[in-house]
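Enquirer: Sharing a structure, written as structure tokens. Questions coming.
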Amino acid sequence: FQMVHLTDTKLGIIITFTSAMIPFCVFTIRNFVLSVPVEMDEAAVIDGAGPLALFFGIIIPLLKPILVTCFILQFMGVWSDFLTPLYLSSKSKMFPMTMAVYQFFGKNTNYWNYIFADIVLTCVPVLIVYMLGQKYIVSGMTSGAVKE
């Protein structure tokens, strides 16, 4: 990252997290796609669906639960990561919100009111993302070839 001048940049952190998370998502989505019956695709083609209609009308709605599940798991992993931004950036303005707690501990004093407020504010986005995607996680676990 130093050779291409990506240290202390948001792009460097984004590239690091993206490259670390892609293998899990590819593995998970691939295994989910293998479990989808081919007969659904064949039935859509027999009914006259073209490639785009097949993809956007059949495949994407079936993949929605696994895509949302991957997003939520990766979001929570990236959001709660402490060490990666600490290693990749030396500027405190590049630190994510979860590392702000680290800034409130001083040599002689600790600002507990700021620490607890930051912890609450750090938990809120994760709770919101989970609440919005909860129905997709549940439907992803129970979905089969039955379309809702």
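The values are calculated or read from the model by the stated rules, or taken from the named source; none is laboratory data. In this text the structure is predicted, and so the values were computed from the model without any measurement. In this analysis, Cβ positions are derived from the backbone assuming ideal geometry, glycine residues included, and neighbour counts consider all displayed protein chains. These area figures cover heavy atoms from the full protein model, side chains too; ligands, DNA and RNA do not enter into them. Shrake-Rupley method; radii C 1.70, N 1.55, O 1.52, S 1.80 Å.
Enquirer: So which residues in region 87-101 are among the hydrophobic types (A, V, I, L, M, F, W, C) and closer than 14 Å to Leu6 by Cα, if there are any at all?
Expert: Within region 87-101, the first condition is being among the hydrophobic types (A, V, I, L, M, F, W, C), and the residues that meet it are 88, 94-95, 97, 99-101.
Residues satisfying the conditions are Leu88, Met94.
Enquirer: Can you tell which of Phe32, Phe56, Phe27, Phe1 is out of contact with any strand residue (DSSP E or B) (no Cβ under 9 Å at 6 or more places or on another chain), in a helix (DSSP H, G or I), of a type in the set (Phe, Trp, Tyr) and within 30 Å of Tyr87 (Cα to Cα)? First the steps, then the outcome.
Expert: Numbers: Phe32 fails: within 30 Å of Tyr87 (Cα to Cα); Phe56 fails: within 30 Å of Tyr87 (Cα to Cα); Phe1 fails: in a helix (DSSP H, G or I).
Step by step, each of Phe32, Phe56, Phe27, Phe1 is checked, and only Phe27 is out of contact with any strand residue (DSSP E or B) (no Cβ under 9 Å at 6 or more places or on another chain), in a helix (DSSP H, G or I), of a type in the set (Phe, Trp, Tyr) and within 30 Å of Tyr87 (Cα to Cα).
Enquirer: Scanning for something over 25 Å from the mean Cα position of the chain (by Cα) and buried (at least 16 other Cβ atoms within 10 Å of the Cβ), does region 85-98 turn up at least one residue?
Expert: Restricting attention to region 85-98, the residues satisfying the condition of being over 25 Å from the mean Cα position of the chain (by Cα) are none.
Looking through region 85-98, none of the residues is over 25 Å from the mean Cα position of the chain (by Cα) and buried (at least 16 other Cβ atoms within 10 Å of the Cβ).
Enquirer: For region 73-97, which positions are closer than 18 Å to Asp8 by Cβ, without any contact (Cβ under 8 Å) to a residue 60 or more places away in the chain and either among the acidic types (Asp, Glu) or in a helix (DSSP H, G or I) (or both)?
Expert: Leu83, Leu86, Tyr87, Ser92, Lys93, Met97
Enquirer: Something else now. Could you say which residue among Gly57, Gly50 is open to solvent by less than 40 Å² (accessible area, probe 1.4 Å) and touching a helix residue (DSSP H, G or I) at 6+ places or on another chain (Cβ under 9 Å)?
Expert: Working: Gly50 fails: touching a helix residue (DSSP H, G or I) at 6+ places or on another chain (Cβ under 9 Å).
Residue meeting the stated conditions: Gly57.
Enquirer: To continue, here is another question. Being open to solvent by less than 70 Å² (accessible area, probe 1.4 Å), at pLDDT 85 or above and in a helix (DSSP H, G or I) is the requirement here; does Ile22 meet it?
Expert: On the way: open to solvent by less than 70 Å² (accessible area, probe 1.4 Å): no; at pLDDT 85 or above: yes; in a helix (DSSP H, G or I): yes.
So Ile22 fails the test.
Enquirer: Next question, about the same structure. Can you find a residue in region 50-70 that is among the aromatic types (Phe, Trp, Tyr) and either closer than 23 Å to Met131 by Cα or in contact (Cβ under 8 Å) with a residue 40 or more places away in the chain (or both)? I'd like the intermediate steps shown before the answer.
Expert: Applying the first criterion (among the aromatic types (Phe, Trp, Tyr)) to region 50-70 yields 55-56.
If we keep only those that are either closer than 23 Å to Met131 by Cα or in contact (Cβ under 8 Å) with a residue 40 or more places away in the chain (or both) too, we end up with none.
No.
Enquirer: Further question on the same structure: I'd like to check something: does region 41-48 contain any residue that is under 22 Å from Leu127 (Cβ atoms) and assigned to a helix (DSSP H, G or I)?
Expert: Initial filter on region 41-48 (under 22 Å from Leu127 (Cβ atoms)): none.
No: zero hits.
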